[in-house]
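J.: One structure coming up, written as C-alpha cells, with questions to follow.
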Amino acid sequence: MHRRTLVALATAAVTAAATLSPPAFAQSGEIRIAHIYSKTGPLEAYGKQTQTGLLMGLNYATGGSMTVNGKKLVVIEKDDQGKPDLGKSLLASAYSDDKADIAVGPTSSGVALALLPVAEEYKKILLVEPAVADAITGDKWNKYIFRTGRNSSQDAISNAVAIDKAGVTVATLAQDYAFGRDGVKAFKDALKNAKLAHEEYLPTTTTDFTAGAQRLIDKLKDVPGRKVIFIIWAGAGNPFKIADMDLKRYGIEIATGGNILPAMAAYKNFPGMEGATYYYFGIPKNPVNEALVAAHYKEFKTPPDFFTAGGFSSAMALVTALKATGGDTNTNKLIKTMEGMSFETPKGKMTFRKEDHQAMQSMYHFKIKVDPAFAWGVPELVREIKPEEMNVPIRNKR
C-alpha cells in the first residue's frame, strides 16, 4: 500500500521534472531515456497516454526516487507527429546530440519501421511501445529492438478465439498501412476454422465508410451461416458507422479488439460483441495494476487507459533491466540482461522472448456489456488468454 500511495503522491512532481532535461550534455550520474512519440498528429491520444504511463511507471518502479543505483532517470521528449522521416531524425538526434542511453516509442507502426535502422546504426536499444505491426519484431527487426507492446499476431490470435468457429465467414476492414495490413495478415494466419471472404483496406484519413461498407456487405450478404466484419482501426475516423447501413438486415455482425475508452463509446451500440483486448483497467488483478489505477484516479480523476498501461509496462521493463545491470547502460550488457527477462506490469508478468525480443503477455477475451455508469461499452472478461496458449509466430528469420 505504501508504494501505491507513493506513486500517487509523486506523479505530478515527476511529470513536471522528468521531462525537463538539460540540453545535450549528459551527466555521468544520469540515465537518459528518449521518448519518441506522437505528442501531436493523428495518434496524439495514444501518444499522450503512453507518456503518462511511462512517467508513472518509472516513478513506481523506482519507489518514487526516479533513480537506479544512484543514477537519475532523465526523460527526453520528442514529438514525431506521426511522420516517419521526422521520427527517424529525432531518434538520431536523441542518440547523438542528447546522448540518450535508451529510447522508447514510437506510437505509429509506420514511424517505428523508420526508426529500426537508426537503433542499429547507433547500436542503442529501442524499446518499442506501443507500435503494433508484426514487421517490427519480424522481417525488419534487429537485435537492438525490444517490444513491450503487443504485436499484430498477439492481437489476431486472441481475437480469433472469439470468432474462429466452423460455419463463420469473416470479412476484414482495416487501415491501409503497416498496422492494418500486418493486422489482417496475422488474423488470416490465425483463422483455422472460419472462412475469410474479403479484405477491405481504406485510407487512414477515411471519414466516410459508405463505399467500403457496401463492398463488405456485397461479399457477405448471400453467404450462409454466421457473418462477421472484423475491424482493425486506430486513431481518427469511426468505422463503426458502417452499422448504420442496416447490417442486421443481412445478419452481419461486427467484431473488433479493445481500444481507448473514448473509441469504446461506440461499443455501447453492440452489446454482446466479443473480441480480445490488450488491456482494460478493470480486468487484471495484481498489485501493479492496483497502483496504476489508484495513481491515475488520484491525478486525473479517470481510470488509466489502453496505452497508459503500455507506457507503464515499458517503464517496468527498463527499470527491471537497469536494476539487474546495476545502472550500467552498456548496450550489449542490456541486451544480454533483457533477452528472456521477465518483469511485472499492470497486465501481470511479461517475458521478452529471446528469439525476437517480443514481450510474451496475456490478452483478454471479452464480451461487451452496456452499463449506464460508463460512457463506453464495458469489456467484461470471458477469460484470460495466457502467453503459453498463444502460438505467436517468430517472424524475424533470425
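The values are calculated or read from the model by the stated rules, or taken from the named source; none is laboratory data. Just so it is clear, the model here is predicted, and its values are computed rather than measured. All Cβ positions, glycine included, derive from the backbone under ideal geometry; neighbour counts span all protein chains shown. These area figures cover heavy atoms from the full protein model, side chains too; ligands, DNA and RNA do not enter into them. Shrake-Rupley method; radii C 1.70, N 1.55, O 1.52, S 1.80 Å.
J.: Which of (1) touching a Pro at 6+ places or on another chain (Cβ under 6 Å); (2) in a helix (DSSP H, G or I); (3) of a type in the set (Val, Ile, Thr) does ILE231 not meet, given it meets every other one?
T.: So ILE231 meets the others, but not (2).
J.: Further, regarding this structure: Name the one entry in ILE260, ILE335 that is among the hydrophobic types (A, V, I, L, M, F, W, C) and over 14 Å from the mean Cα position of the chain (by Cα).
T.: Details: ILE260 fails: over 14 Å from the mean Cα position of the chain (by Cα).
Just one listed residue meets the conditions, ILE335.
J.: Let me ask another. Just checking, how many residues over the stretch 337-381 are more than 20 Å from ILE136 (Cα to Cα) and part of a strand (DSSP E or B)?
T.: Qualifying residue count for the region: 16.
J.: Hey, GLU200 hits all of (1) modelled with pLDDT of 95 or more; (2) out of contact with any Ser or Thr (no Cβ under 6 Å at 6 or more places or on another chain); (3) of a type in the set (Asp, Glu); (4) open to solvent by 20 Å² or more (accessible area, probe 1.4 Å) but one; which does it fall short on?
T.: (4)
J.: For the stretch 339-382, which positions are at positive phi and either open to solvent by 70 Å² or more (accessible area, probe 1.4 Å) or basic (Lys, Arg) (or both)? Can you show your working first?
T.: Restricting attention to the stretch 339-382, the residues satisfying the condition of being at positive phi are 340, 348, 357.
Listed by number, the list is empty, since nothing qualifies.
J.: A further question follows. It is to be established whether one or more residues within the stretch 148-168 are open to solvent by less than 10 Å² (accessible area, probe 1.4 Å), modelled with pLDDT of 95 or more, under 23 Å from ALA315 (Cβ atoms) and not polar (S, T, N, Q).
T.: Yes, the stretch 148-168 contains a residue that is open to solvent by less than 10 Å² (accessible area, probe 1.4 Å), modelled with pLDDT of 95 or more, under 23 Å from ALA315 (Cβ atoms) and not polar (S, T, N, Q).
J.: Across the stretch 127-147, what is the number of residues that are among the small types (Gly, Ala, Ser) and open to solvent by 10 Å² or more (accessible area, probe 1.4 Å)? Spell out the reasoning first.
T.: Taking the stretch 127-147 and keeping what is among the small types (Gly, Ala, Ser), we get 131, 133, 135, 138.
In the following step, the residues that additionally are open to solvent by 10 Å² or more (accessible area, probe 1.4 Å) were identified as 135.
Summing the residues that are among the small types (Gly, Ala, Ser) and open to solvent by 10 Å² or more (accessible area, probe 1.4 Å) in the stretch 127-147 gives 1.
J.: Where residues in the stretch 246-276 are outside any helix (DSSP H, G or I), in contact (Cβ under 8 Å) with a residue 40 or more places away in the chain and hydrophobic (A, V, I, L, M, F, W, C), which of them is nearest to THR302 (Cα to Cα)?
T.: LEU261
J.: LEU334 versus (1) without any contact (Cβ under 8 Å) to a residue 12 or more places away in the chain; (2) in a helix (DSSP H, G or I): which is the lone unmet condition?
T.: (1)
J.: Would it be correct to say that ALA243 is surrounded by fewer than 22 Cβ atoms within 10 Å (Cβ to Cβ), touching a helix residue (DSSP H, G or I) at 6+ places or on another chain (Cβ under 7 Å) and either assigned to a helix (DSSP H, G or I) or at pLDDT below 95 (or both)?
T.: Spelling it out, ALA243 is indeed surrounded by fewer than 22 Cβ atoms within 10 Å (Cβ to Cβ), touching a helix residue (DSSP H, G or I) at 6+ places or on another chain (Cβ under 7 Å) and either assigned to a helix (DSSP H, G or I) or at pLDDT below 95 (or both).
J.: Assuming LYS285 fulfils every condition listed in (1) touching a His at 6+ places or on another chain (Cβ under 7 Å); (2) in a loop (DSSP other than H, G, I, E, B) apart from one, which condition is it?
T.: The number of the failed condition is (1).
J.: For the stretch 299-315, give me each residue that is open to solvent by 10 Å² or more (accessible area, probe 1.4 Å) and more than 22 Å from VAL378 (Cβ to Cβ).
T.: Answer for the stretch 299-315, where residues must be open to solvent by 10 Å² or more (accessible area, probe 1.4 Å) and more than 22 Å from VAL378 (Cβ to Cβ): just GLU299.
J.: Let me ask something additional. Going by the conditions given, is LYS349 modelled with pLDDT of 95 or more and under 26 Å from LEU58 (Cα atoms)?
T.: Answer is yes for this residue.
J.: Let me ask something additional. Residue under question is ALA294, and the condition is that it be open to solvent by 30 Å² or more (accessible area, probe 1.4 Å), assigned to a helix (DSSP H, G or I) and over 30 Å from ASP208 (Cβ atoms); does it hold?
T.: On the way: open to solvent by 30 Å² or more (accessible area, probe 1.4 Å): yes; assigned to a helix (DSSP H, G or I): yes; over 30 Å from ASP208 (Cβ atoms): yes.
Judged against the criteria, ALA294 is a match.
J.: Across the stretch 1-44, what is the total count of residues that are open to solvent by 50 Å² or more (accessible area, probe 1.4 Å), under 23 Å from the mean Cα position of the chain (by Cα) and modelled with pLDDT of 50 or more?
T.: 4
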